[in-house]
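The values are calculated or read from the model by the stated rules, or taken from the named source; none is laboratory data. For clarity, every value in this text was computed on a predicted model and none was experimentally measured. Every residue, glycine among them, receives a Cβ derived from its backbone with ideal geometry; neighbour counts consider all protein chains shown. Note: accessible area is taken over every heavy atom of the protein model, side chains too, but ligands, DNA and RNA are not part of it. Shrake-Rupley method; radii C 1.70, N 1.55, O 1.52, S 1.80 Å.
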Amino acid sequence: MICQWHNFCIGGVAIMKNENQTPVIGIIGGSGIYDIKGLTNKRWVSIRSPFGAPSDDLLFGELNGQQIVFLPRHGRGHQIPPTDINFRANIDALKRAGVTDVISVSAVGSLREHLQPGMFVIVDQFIDRTFAREKSFFGVGLVAHISMAYPVCCRLGNHIEIAAREVGIEVVRGGTYLVMEGPQFSSLAESELYRSWNCDVIGMTNMPEAKLAREAELCYVTVAMVTDFDCWHPNCDAVTVDEIIKVFLANADKARSMIKKVLPYLHNDNKFATCSCRKALEHALITAPDARDPEMVKRLDVVAGRLLNTC
């Protein structure tokens, strides 16, 4: 069934509502990811967010009846460095677009010998070493403490693993993603430190993205595409942009195949509506209702509207 969409506004901010409550798949990644053959009814839509401007307009489309929404994480043409990505606006805009499930695709460096360039890792843990980014939708006036013990959706990970193997991608299920601030690559000492922490891959983009997706009660999974060995490997040169782009372009072909293959699994998943990710905020709000800042409540109309009764 193709979703029926209606536009409306809350506080002057545009929202697109999915009336049929069917899965809507959000894809966050580079420009090579959203160029999928067979995508129909394509249209770029500007989604306004109370948290500022997202990285770009959102690309809506349909593939075999499944609604998809793409968001270029760095903007088309890769204009935005990792630290300056408005992660809050990105996640808020995706939820306003009706997205229910987010597949985050990102290039990473490998910190392990067995994780070779060209392989995919379905990450299940993060270590967040970023320090210059807004990491929560909540704050003064409306406080929430959400669990990040298990930061990705296992249900999505299961579907991704099956789809990746079916299209011949060499994929590893499980791994820890060290998210660094950037934009510089690691020093050798840093790379060795992260290896001693038993981290598996390193990148600059998936935090606070994963935290915000959890706060927004979206199912979220990270597919990490290995492009290099960071700088620790004795038989490999230090990582360069040229090297990353070369491998990333090859990985993009694999990612598109994986996305096309996984869509039917997601479309027919009758457990998507009852996934535990949908109630992540259930016991997270700590500010008493009569003490909540009305302006904060208004900004969180979509992110936490299920509990704040503002949607």
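Taking the Cα centre of segment 217-292 as origin and assigning +1 to Lys and Arg Cβ atoms and -1 to Asp and Glu Cβ atoms, the resulting dipole is close to 520 debye.
In the chain, taking the dipole from charged Cβ atoms about the Cα centre, the farthest positive-side position among TYR265, ILE169, GLY52 is held by TYR265. With a ≥ b ≥ c taken as the square roots of the eigenvalues of the C-alpha gyration tensor of segment 226-291, please select rounded if a/c is under 1.5 and otherwise prolate if a/b is larger than b/c or oblate if it is not? Taking the square roots of the gyration eigenvalues as a ≥ b ≥ c, segment 226-291 is oblate. When the helix-only estimate is applied to the chain (DSSP H runs of n ≥ 4, each -39,500 (n - 2.57), divided by the residue count), what is the mean residue ellipticity at 222 nm, nearest 500 deg cm²/dmol? Calculated at 222 nm, the ellipticity per residue is -7500 deg cm²/dmol.
Tell me, what is the per residue accessible area of segment 64-105 in Å², probe radius 1.4 Å?
Numbers: 1110 Å² over 42 residues.
Result: 26 Å² per residue.
Shape of segment 193-266 from its Cα gyration tensor (a ≥ b ≥ c, root eigenvalues): rounded if a/c is under 1.5, otherwise prolate when a/b > b/c, or oblate? In terms of gyration-tensor shape, oblate.
Between segment 165-190 and segment 116-148, the alpha-carbon centres lie 15 Å apart. Computed over the chain with a Gaussian network model linking Cα atoms closer than 10 Å, the most mobile of ASP92, ASP242, ASP290 is ASP290.
Leaving ligands, DNA and RNA out of it, report the carbon-plus-sulfur percent of the accessible area of the chain at a 1.4 Å probe. Before the final figure, lay out each step's value.
On the way: 7100 of 13500 Å².
Ligands and nucleic acids excluded, carbon and sulfur reach 53 percent.
Per residue, segment 127-230 exposes an accessible area of 38 Å² to a 1.4 Å probe, with every protein chain left in place.
In debye, nearest 20, what is the charge dipole magnitude of segment 65-141 about its Cα centre with +1 on Lys and Arg Cβ and -1 on Asp and Glu Cβ, if you could check?
Values: 9 positive and 7 negative charges, 40 e Å.
Magnitude of the dipole: close to 200 debye.
Farthest towards the positive end of the charge dipole of segment 75-186, among the residues LEU178, GLY157, GLY141, is the Cα of GLY141, using unit charges on the Cβ of Lys, Arg, Asp and Glu.
Protein chains only, probe 1.4 Å: how do GLU62, GLU166, GLU243 rank by accessible area, largest first?
Details: GLU62 25, GLU166 100, GLU243 65 Å².
From most accessible down to least: GLU166, GLU243, GLU62.
According to the calculation over all Cα-Cα pairs in the chain, the P(r) per 20 Å bin from zero is 34, 58, 8, 0 %.
Classified by the C-alpha gyration tensor, segment 47-112 has an oblate form. Its axis ratio a/c, with a ≥ b ≥ c, is 1.5 or above, and a/b does not exceed b/c. If the segment from ASP290 to LYS135 were pulled out straight at 0.36 nm per residue, it would be longer than the present Cα-Cα gap by 53.3 nm. The long axis of helix 154-166 is offset from the longest Cα principal axis of the chain by roughly 50 degrees. With contacts taken as Cα pairs under 8 Å at a separation of at least 6 residues, the chain carries a relative contact order of 22 percent.
Apply 1/(1 + (r/R0)^6) to the Cβ-Cβ distance of LEU188 and ILE162, taking R0 = 41 Å, and write down the FRET efficiency to the nearest 0.05. Before the final figure, lay out the partial values.
Values: r = 38 Å, r/R0 = 0.92.
Calculated transfer efficiency: 0.65.
Assuming 0.36 nm per residue, please report the length gained on full extension of the stretch ARG76 to ASN270 beyond their Cα-Cα distance.
Details: separation 194, 0.36 × 194 = 69.84 nm, distance 3.40 nm.
The span from ARG76 to ASN270 would gain 66.4 nm if fully extended.
Only protein heavy atoms count here; on that basis, with a 1.4 Å probe, LYS279 has an accessible area of about 130 Å². Each Lys and Arg Cβ is given +1 and each Asp and Glu Cβ -1; about its Cα centre, the chain then shows a dipole of about 920 debye.
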